[in-house]
């Protein structure tokens with residue numbers, strides 16, 4: 001549950017979910033950029049089961065889900081990843097610079113705001129120009145690694 005969302009924030013959504021009988025059984029892991037202990041305590045007191053600070057690694061979120069939802073993951077060895085890592089690294093920052101400035105600005109704003117709908121819209125436009133860049137960004141968005149994408153804007 002992202003704490004900062006458009007329309008309804010995560011605090012309010014958590015309260016509404018927990019107010020229902022089915023919602024008391026739902027595992028809620030709060031995700032926020034705040035590092036304040038007071039906010040963490042407040043969010044947990046609202047009914048969140050755990051708290052993960054942005055930016056986070058996929059493994060951190062998966063570990064929290066595993067602990068609170070009782071899920072055990074089985075990972076397959078991916079030989080394709082090893083092959084890709086041996087190839088020449090792609091300069092995503094350079095590809096980003098080739099996008100129109102308005103699209104770059106819109107994408108950066110959507111990432112800073114954490115607005116998944118706007119990010120998705122921007123990535124559809126990126127795909128029309130550079131599918132490789134769009135695919136890379138989509139993989140990062142799927143694991144909520146907005147910081148990694150934003151770091152490319154600073155290179």
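The values are calculated or read from the model by the stated rules, or taken from the named source; none is laboratory data. From a predicted model like this one, the values you see are computed outputs, not experimental measurements. A quick note on method: Cβ atoms are made from the backbone with ideal geometry, for glycine too, and the neighbour counts reach across all protein chains shown.
For region 126-146, a tally of residues being on the phi < 0 side of the Ramachandran plot and surrounded by 14 or more Cβ atoms within 10 Å (Cβ to Cβ) returns 13.
Yes/no per residue for (1) in a helix (DSSP H, G or I); (2) closer than 30 Å to residue 26 by Cβ; (3) modelled with pLDDT under 80:
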{"position": "60", "(1), (2), (3)": "yes, yes, no"}
{"position": "75", "(1), (2), (3)": "no, yes, yes"}
{"position": "82", "(1), (2), (3)": "yes, no, yes"}
{"position": "93", "(1), (2), (3)": "yes, no, no"}
{"position": "136", "(1), (2), (3)": "yes, no, no"}
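Among residues of region 8-43 being touching a strand residue (DSSP E or B) at 6+ places or on another chain (Cβ under 6 Å) and part of a helix (DSSP H, G or I), the one that is surrounded by the most Cβ atoms within 10 Å (Cβ to Cβ) is 43. Taking the listed residues 96, 123, 46, the one that is without any contact (Cβ under 8 Å) to a residue 40 or more places away in the chain, surrounded by 14 or more Cβ atoms within 10 Å (Cβ to Cβ), farther than 30 Å from residue 19 by Cβ and out of contact with any strand residue (DSSP E or B) (no Cβ under 8 Å at 6 or more places or on another chain) is 123, with no other qualifying.
Scan region 102-134 for residues that are assigned to a loop (DSSP other than H, G, I, E, B) and touching a helix residue (DSSP H, G or I) at 6+ places or on another chain (Cβ under 7 Å) and report the count.
Applying the first criterion (assigned to a loop (DSSP other than H, G, I, E, B)) to region 102-134 yields 114-115, 130.
Applying the additional criterion that residues be touching a helix residue (DSSP H, G or I) at 6+ places or on another chain (Cβ under 7 Å) yields 114, 130.
Qualifying residue count, region 102-134: 2.
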